[in-house]
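The values are calculated or read from the model by the stated rules, or taken from the named source; none is laboratory data. Small disclaimer: the values here were computed from a predicted structure and weren't measured. Neighbour counts run over all protein chains shown; Cβ positions are idealised from the backbone, glycine included.
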Amino acid sequence: MLLVLMPNTETSSLSVLQNKLSVLGSQIEDEEFELNVFSWALPQASIEDGVAVWLETLVGDIYAAR
């Protein structure tokens, strides 16, 4: 799992980023490779509970979506 935090990225740029990641994913020849892209707007009020708790919640959300 790789988390890329881009707090200064405009929401309108997400489609460009998603297309670039899709191209990158298509170049990987491993049949078991799976690329899932998620995005969350920053800042989030839940970060005030602590970054570690916030990251644990994100990871939990990602695994739950699989």
Show the residue pairs that are 6+ apart or on different chains and have beta-carbon atoms under 7 Å apart, the first residue being within region 7-31 and closer than 15 Å to L42 by Cβ and of a type outside the set (F, W, Y), the second being assigned to a helix (DSSP H, G or I) and at pLDDT below 85.
-> none
Residues being aliphatic (A, V, I, L, M) and either surrounded by fewer than 10 Cβ atoms within 10 Å (Cβ to Cβ) or over 14 Å from the mean Cα position of the chain (by Cα) (or both): count how many of those fall in region 32-66.
-> 8
So E29 fits all but one of (1) in a loop (DSSP other than H, G, I, E, B); (2) surrounded by 10 or more Cβ atoms within 10 Å (Cβ to Cβ); (3) at pLDDT 85 or above; what number is the exception?
-> (2)
The condition of being among the hydrophobic types (A, V, I, L, M, F, W, C) and either in contact with an Asp or Glu (Cβ under 8 Å, 6 or more places away or on another chain) or outside any loop (DSSP other than H, G, I, E, B) (or both) holds, among V37, V53, V4, only for V53
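With respect to G50, is the statement that it is at positive phi, of a type outside the set (S, T, Y) and modelled with pLDDT of 85 or more true?
Taking the combined requirement at face value, the residue satisfies it.
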Residues of region 32-66 being without any contact (Cβ under 8 Å) to a residue 24 or more places away in the chain and of a type in the set (A, V, I, L, M), in sequence order, are L35, V37, A45, I47, V51, A52, V53, A64
